[in-house]
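First up is the structure itself, then whatever we jot down about it.
The values are calculated or read from the model by the stated rules, or taken from the named source; none is laboratory data. Keep in mind that what you see is a predicted model, and the values were worked out from it rather than measured. Because the Cβ atoms are built from the backbone with ideal geometry, glycine has one as well, and the counts that use them run over all protein chains shown. Each accessible area value is taken on the protein alone, full model and side chains, heavy atoms only, with ligands, DNA and RNA left out. Shrake-Rupley method; radii C 1.70, N 1.55, O 1.52, S 1.80 Å.
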Amino acid sequence: MLSIDLKGKRALVAGVADDGGYGWSIAKALAEAGATVCAATWPPALNIFRTMLERGKFDDSRKMNDGSLLQFERIYPLDAAYDKLEDAPEDVRTNRRYAGIGDFSVAGLVQRLKADFGDTPLDIVVHSLANGPEVKKPLLETSRHGYLTAVGVSAYSFVSLVSHFSPILRPKGAFLSLSYIASERVCPGYGGGMSSAKAALESDTRTLAFEVGRKYGHRVNALSPGPWGSRAASAIGIIEETMRYTAANAPLQEALNPEEVGAAAAFLLSPLGSGVTGTVMYVDKGYHTMGKATEERYSAP
Ligand SMILES: NC(=O)c1ccc[n+]([C@@H]2O[C@H](COP(=O)([O-])OP(=O)(O)OC[C@H]3O[C@@H](n4cnc5c(N)ncnc54)[C@H](O)[C@@H]3O)[C@@H](O)[C@H]2O)c1
C-alpha cells in the first residue's frame, strides 16, 4: 500500500493560534501521517491559544482518526517580523504580551529547538502566517510602511525561516509556505501589498528551492489554497463572498475543506514528494484554471 509515512519525523508549523486555519489542518495531517509536531505562535495570540488548548476548547478538532487527540510536542513563541531579538523595538520587547516569554525571534526559535532536541531537531518546516496591516486598503492607497510590513512579515519571514532552519534540518528536509492566487491574478479587496507579498513568496520559493537544494539537499514548495474563513481571512472582511464566488465558479463546484489542504501539504512534505521542489501547487478545486467565470451548471455539448 502506498501511504504517507512521516513516522520518526519532527515538524514545526509556524502560524498556529487556533483550530480554524490552514496551519492547524496541516499540523493535524502531519500528525495523522505519524510526525511529531511543534507549533510556533505569534506572541499576542500565544497565551489564549495555550489556555484554550488546556481547557479542551479545541478537543473536537483535535480528534485524530485513531480516536486520540492531536498533541503539540512544544508550542514556541515566534514573531516572524524579527530575525533576532535585537531587531524588535523596545516597545515590543516590553509589551506585556512579549515580556517574559524569552527570545521570540526566528534565531531565538532555532536556539530553543536545538536546546530541546539537539543540533538537527527537525525534518519539516511549515510557514503558515501572514499579516498586512493595510490589507483592507487598495494598493493605490497603501502606504510604504504598510506595503513593506506586509512583504516583510508575509514573505521575507519565509526567506528568514529557510535560511535559519536549513542548517538544522536533517538530510532531505522540506519547507512549505502558503500563497494565494492574488499573487498572479487581481483579487479586489486583498490589498495593502498582500498580493505583492504573495508574488514575492512564490518567486522566492523557486529561488530558495535552487539555493537550498544545491547547498543542503532540502526541498522548498508552496501551496496556494482557495479561500477559507480562518481568523486572518475573516479579518479582511470579504471572505464569505470570496468563498461563495470561488465555489460557484470553480470546475469542482463545492466548498474547499481545510483537510484537503492538510493532505496536499502532507504529501509534498513527505518522501512521496521527493521529486517536487520549487513548485506552487493550487489546492482550490481548480478555480485558478478559469478564464471566464461561470456559476451556471455546465456540461460539454
Ligand atoms: N484563509 C484563506 O483564505 C487563505 C487562502 C490562501 C492562503 N492563505 C494563507 O494561509 C496562511 C495561514 O493563514 P490562515 O488563513 O489559515 O489564517 P490563520 O489566522 O489561521 O493564520 C495566520 C497566522 O499568522 C499569525 N501571524 C500573524 N503575524 C505574525 C507574525 N508577525 N509572526 C508570527 N505569526 C504571525 C497569526 O497569529 C495566525 O496564527 C497565510 O499565509 C495565508 O495568507 C489563506
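The smallest convex shape that holds all Cα atoms of the chain, its convex hull, gives 152 Å³ per residue.
Fully extending the segment from Asp59 to Val92 would add 8.7 nm, taking 0.36 nm per residue of separation and subtracting the current Cα-Cα distance.
Taking Cβ atoms as reference points and 10 Å as the exclusive limit, the residues near Val106 contribute a net charge of -3, counting Lys and Arg as +1 and Asp and Glu as -1.
I want the local charge near Ala150. Using Cβ-Cβ distances under 14 Å, sum +1 for each Lys or Arg and -1 for each Asp or Glu among the other residues.
Around Ala150, the charge tally is +2.
Each of the peptides 199-208, 76-85, 92-101 was scored by the mean count of other Cβ atoms within 10 Å over its residues; in descending order, highest first, they stand as 76-85, 199-208, 92-101. Over all other residues within a Cβ to Cβ distance under 13 Å of Val159, the charged ones net out to -3, with Lys and Arg as +1 and Asp and Glu as -1.
Lysine pair count for the chain with Cα-Cα distance under 25 Å and sequence separation of 8 or more or different chains is 26.
A simple spin-label model places the labels of Asn47 and Glu211 3.8 nm from each other, with each point 7 Å out along Cα-to-Cβ. Amide H contacts of Ala88 (H built 1.01 Å from N, in plane; Pro and chain starts excluded): no residue 5 or more places away or on another chain comes under 5 Å.
Evaluated at 37 °C with a viscosity of 0.692 mPa s, what Stokes-Einstein diffusion coefficient in µm²/s does the range 1-135 have when Rh comes from the Kirkwood expression over alpha-carbon pairs? In µm²/s, the coefficient is 209. Counting only protein heavy atoms and using a 1.4 Å probe, the accessible area of Arg62 comes to about 30 Å².
Among the protein heavy atoms of the chain, carbon and sulfur supply 53% of the accessible surface, probe 1.4 Å, non-protein parts ignored. I need the shape label for the range 19-87. Rule: rounded when a/c is under 1.5, else prolate if a/b > b/c, else oblate, with a, b, c from the alpha carbon gyration tensor. Judged from the Cα gyration tensor, the range 19-87 comes out prolate (a/c at least 1.5, a/b above b/c). Accessible surface for the chain, divided over its residues, is 49 Å² per residue with a 1.4 Å probe. Long hydrophobic helices in the chain, taken as whole DSSP H segments with a C-alpha length of 24 Å or more on their own axis and mean Kyte-Doolittle hydropathy at least -0.5: 194-216.
Taking amide H positions as modeled 1.01 Å from N, with prolines and chain starts lacking one, the residues under 5 Å from Ser179 and 5 or more places away or on another chain are Leu223, Ser224. Close amide H partners of Val220, meaning residues 5 or more places away or on another chain with modelled amide H under 5 Å apart, are Phe175, Gly278.
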